[in-house]
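What follows is one structure encoded as structure tokens, with my remarks underneath.
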Ligand code: DQA
């Protein structure tokens, strides 16, 4: 059975109560449930994880790369700082779609730079939870 990884970075465990004007009211569990439903319908296995630690994300990207599994990655604030995640994406040859709930380009300038984008297959941002669902559709097209 094909596997898809969905990896979530720091503070995304707070979704639903974290700055709802920016990130909406859906929780990370709501997003996981929707993705699970769609994966089940397509006979795909979903690995869905969240960590506040950069190293966990690095390890999980390496794991996905070794398994040849595509990744949907919302690296949260590490998007704007993490050379380690950039290197993991390249080193593990993982196919990664970068997603963000918010349109980072319409926000503070420190969010305009992404270390993830140059190593990503594509980027979807600004659509709330739909950013994740659209990324999954892009992956399912090729499964
Ligand atoms: C985010 C955008 C980041 O700038 C921020 O640090 C987050 C969430 C998003 O999904 O919109 O934690 O990745």
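Where a number appears in this text, it was derived from the coordinates with a stated rule and is not lab data. Source: prediction; values computed, not measured. As a convention, Cβ positions derive from the backbone with ideal geometry for all residues, glycine included, and neighbour counts pool all protein chains shown.
Checked against the criterion of being within 14 Å of the ligand (Cβ to nearest atom), touching a residue at least 24 places away in the same chain (Cβ under 8 Å) and on the phi > 0 side of the Ramachandran plot, the stretch 85-106 has no qualifying residue. Just one residue in the set 72, 61 is touching a strand residue (DSSP E or B) at 6+ places or on another chain (Cβ under 8 Å), surrounded by 15 or more Cβ atoms within 10 Å (Cβ to Cβ) and within 15 Å of residue 128 (Cα to Cα); that residue is 72.
If only residues of the stretch 32-55 that are in contact with a strand residue (DSSP E or B) (Cβ under 8 Å, 6 or more places away or on another chain) and within 16 Å of the ligand (Cβ to nearest atom) are counted, the one that is farthest from residue 140 (Cα to Cα) is 51.
If you go through the stretch 10-23 and pick out every residue that is touching a residue at least 12 places away in the same chain (Cβ under 8 Å) and not in a loop (DSSP other than H, G, I, E, B), you end up with 4.
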